[in-house]
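One structure below.
The values are calculated or read from the model by the stated rules, or taken from the named source; none is laboratory data. Predicted model only: the values in this text are computed from it and were never measured. Please note: Cβ atoms are built from the backbone with ideal geometry, for glycine as well, and neighbour counts cover all protein chains shown. Surface accessibility is based on the protein's heavy atoms, side chains included, excluding ligands, DNA and RNA. Shrake-Rupley method; radii C 1.70, N 1.55, O 1.52, S 1.80 Å.
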Amino acid sequence: MSVSVFNRCWSKVILETLIRQGVSHFCIAPGSRSTPLTLEAVRLQENGRAICHTHFDERGLGFFALGIAKASKKPVAVIVTSGTATANLYPAIIEARQTDVPLIILTADRPPELLECGANQAILQQNMFAQYPVASVNLPRPSQNYSAQWLISVLDQACFQQKQGGVVHINVPFAEPLYNASDDEIDLHPWLNNIQSWLKQNRNWIQHQEQHQEVITHKYWDQWRTKRGVIIVGRLPAEQAMGIAEWAENMGWTMITDIQSHVKPTLPYADIWLANQTVRQKLLQAEIVIQFGSGLIGKRINQFLAEFRGEYWIIENNQKAVDPYHHAHTRFNAKPHHWLRAHLPARQKPWLLEPLALAKFCTDFVKQKVGSSLNEVSLAHNIELLLPKSNSVLFLGNSLFVRLADALSQPSANYPIYTNRGASGIDGLLATAAGIAIGSEQTLVAMIGDTSTLYDLNSFALFKQLNQPAVIFVINNNGGAIFDMLPVDSAVKEKYYRMSHHLEFSHIAAMFDLKYARPYTWADLATVLKQAYSRRETTLIEIKVNPSDGSNIYKDLIEKIGHAVIGA
């Protein structure tokens, strides 16, 4: 039998198994060794059973797949050839692992006889992602000595381990030849005879029965719900955030929310007013903290949690440890809205009024300090003015702007907000945003720093695949302004941290055939956005600001509020 035909049979079974695991998007990088997988993915697309995406840069491709998986909440498969192509997926795999995003990585490989003998493009790919995947499958060279049933079972079990997210790595060695196999030769191959009935059905090989476990009410909840409490809401999917704000209001407890929480803050500017030691000390008198979700951005919120010494409960719908401060605590592996139904609130008046007073004071004070100029602080503070009211999603990059948005904005409840805050890297942010647009099929607004944009320029090419309006804000403060927050000598900071580039992005937009605008005022920006949202294409909006304005205003707010006297 032809080697090329059997390579395709082997690939057909692999991809058919993944389709039944919920995969509908295949992200494919060019390469020869991955041809059997690529051609089978293309065949699935031609039959209307999958969508294939391509990109020439594997690092960007990995983050693109990550974005699709984030938005669609389904596993996405990535197909790459052998060699360093595989290694370029590592950053996206790390981010996916840290945030439980389901990716299935298919790395084509050289067969064993070509490893460690000087053969071209042959590297050691088995288990190359170490402990980051939830499952690693190192397949043998395709051989009829292994039944199709065995191959399906191995892959099905690996994907079952992904039920709560994360990465599955499947390494697939292929011997040559890799081409010249017809569809009929593949579909009628006798090796497939025993699974023909399965191929005609859309069902998993192994039927795993889900166990629906009810959330049990904590046995001392009647006592704890009458105590002094603080509610912390970190990163949550929108569907799990429902009811938290109402529950907190009934409890009369102080609620602090992260911008990733999908809960509208009742006490906005928490990362600013928590700089006030008087208020923080009063808050530390709480007897219990209940934390929903994780991945909190705010520095002062994290400092409060590090200092807290009372009863600590965490509600997070996975098995991972999510407490970096290692409290003795009670952990509920549950969806927050399920937990709320089992823990009815005790209607009571707020036990602490100072945070409310300081949050109200911050409202006017922040507005005064931010002013009316168009800069990164005013963008963060007025972020809702930039967004379409419906059918759109927001992606926030890392470094300074996401901190400003977390500290200064008041996003609407349930407005879809995405970030890459697992490893919080600046790599792959544009690619992730493009993937989120594809996965959500909604208008995209992405807000990314200049250094992050320079780091991922290749990924502007991905925006040509979009068929909806997309707006990319590039906030150009001439380098890494986040490092202005560090207590480092200014000369050293400029050369080795901030690394000013003195670049602007109009020619980049032209190179990738994107619309471009550089507004100078809020009125200019309003006009640009109206046009951008009316076009089914991507607009790059460059906001060029003074290098240290954003960080200076941020530091000044923290300093002033930190020394404010409550009631003065």
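Would you work out which of Cys117, Asn398, Gln260 lies farthest towards the positive end of the dipole of the chain? Charges go on Cβ: Lys and Arg +1, Asp and Glu -1.
Result: Gln260.
In whole Hz, what ³J(HN,Hα) sequence does the range 323-337 give by Karplus (6.51, -1.76, 1.60; θ = phi - 60°), x for Gly and Pro?
10, x, 9, 6, 5, 5, 8, 9, 10, 10, 7, 8, 6, x, 5
Using θ = phi - 60° and the Karplus curve 6.51 cos²θ - 1.76 cosθ + 1.60, what whole-Hz ³J(HN,Hα) does each residue of the range 542-553 get, with Gly and Pro shown as x?
8, 9, 8, 10, 5, x, 10, 4, x, 5, 5, 5
Can you list residues from other chains, or at least 5 along the same chain, whose modelled amide H is less than 5 Å from the amide H of Lys544?
Sorted by chain and number, the residues that satisfy this are Asn476.
What ³J(HN,Hα) values, in whole Hz, does the Karplus curve 6.51 cos²θ - 1.76 cosθ + 1.60 give for the range 168-173 when θ = phi - 60°, with x put for Gly and Pro?
For the range 168-173, the Karplus-derived couplings read 10, 9, 10, 9, 10, x Hz, x marking Gly and Pro.
Where the only charges are on Cβ atoms (+1 Lys, Arg; -1 Asp, Glu), what is the dipole of the chain about its Cα centre, to the nearest 20 debye?
Computed charge dipole of the chain: roughly 1300 debye.
Rounded to the nearest whole Å², what accessible area per residue is found for the chain with the 1.4 Å probe?
42 Å²
Give the aspartates and glutamates reachable from Lys464 as a straight Cα distance under 18 Å; neighbours fewer than 8 places away on the same chain don't count.
Cross-link targets: Asp57, Glu58, Glu441, Asp456, Asp513, Glu537.
Using the Cβ atoms and a cut-off under 13 Å, what net charge is assigned to the surroundings of Pro547, where Lys and Arg are +1 and Asp and Glu are -1?
Taking every other residue near Pro547 into account, the sum is -2.
Between the range 321-357 and the range 450-501, how many Å separate their Cα centres?
36 Å
So if R0 is 22 Å, what FRET efficiency would Glu384 and Lys349 give, r being the distance between their Cβ atoms, rounded to the nearest 0.05?
Approximately 0.15, to the nearest 0.05.
Can you give me the long-range amide H partners of Gly83? Hydrogens built in the peptide plane at 1.01 Å from N, cutoff under 5 Å, separation of 5 or more residues or another chain.
Close amide H contacts, sequence-distant or interchain: Ile123.
For the range 468-568, what D do you get in µm² per second when you plug the Kirkwood radius from alpha-carbon pairs into Stokes-Einstein at 4 °C and 1.567 mPa s?
81 µm²/s
Grab the other residues whose beta carbon is less than 12 angstrom from that of Pro75, score K and R as +1, D and E as -1, and report the net.
Within the 12 Å Cβ shell, the charges total +4.
Accessible area, 1.4 Å probe, largest first: how do Lys560, Lys369 sort?
Sorted by accessible area, descending: Lys560, Lys369.
Compute the Kirkwood hydrodynamic radius of the chain, taking the inverse of the mean of 1/r over all pairs of distinct Cα atoms, and give it in Å to one decimal.
25.6 Å
Go ahead and estimate [θ] at 222 nm for the chain from helices alone: -39,500 (n - 2.57) per DSSP H run with n ≥ 4, summed, over the residue count, rounded to 500.
-10000 deg cm²/dmol
For the range 59-87 and the range 395-417, what is the separation of their C-alpha centers, rounded to whole Å?
One Cα centre to the other: 25 Å.
Over 21 Å between C-alpha atoms is what I'm after, so list which of Lys227/Lys349; Lys282/Lys349; Lys73/Lys335; Lys73/Lys200; Lys299/Lys349; Lys73/Lys299 land there.
Listed pairs above 21 Å: Lys73/Lys200; Lys299/Lys349; Lys73/Lys299.
So, counting K/R as plus one and D/E as minus one, what does the shell of residues with Cβ under 13 Å around Gln277 add up to?
Local charge sum for Gln277: 0.
Past 18 Å, Cα to Cα: identify those pairs from Lys389/Lys515; Lys264/Lys389; Lys360/Lys560, in the order given.
Beyond 18 Å: Lys389/Lys515.
For Ile105, which sequence-distant residues (separation of 5 or more, or a different chain) have an amide H within less than 5 Å of its own amide H, given hydrogens modelled in the peptide plane?
Val78, Val168, His169, Ile170
Run the dipole for the range 197-284 about the Cα centre, Lys and Arg Cβ at +1, Asp and Glu Cβ at -1, nothing else charged, and hand back the magnitude in debye, nearest 20.
180 debye
Length gain on complete extension for the stretch Arg228 to Arg331, per 0.36 nm per residue less the alpha carbon to alpha carbon distance?
Taking 0.36 nm per residue and subtracting the Cα distance, the gain is 35.1 nm.
Label 7 Å along Cα→Cβ of Gln126; the range 166-180 residues with amide nitrogen under 16 Å?
Residues passing the 16 Å test: 169-175.
Hey, got the dipole for the range 371-559? About the Cα centre, +1 on K and R Cβ, -1 on D and E Cβ, debye to the nearest 20?
Roughly 380 debye for the range 371-559.
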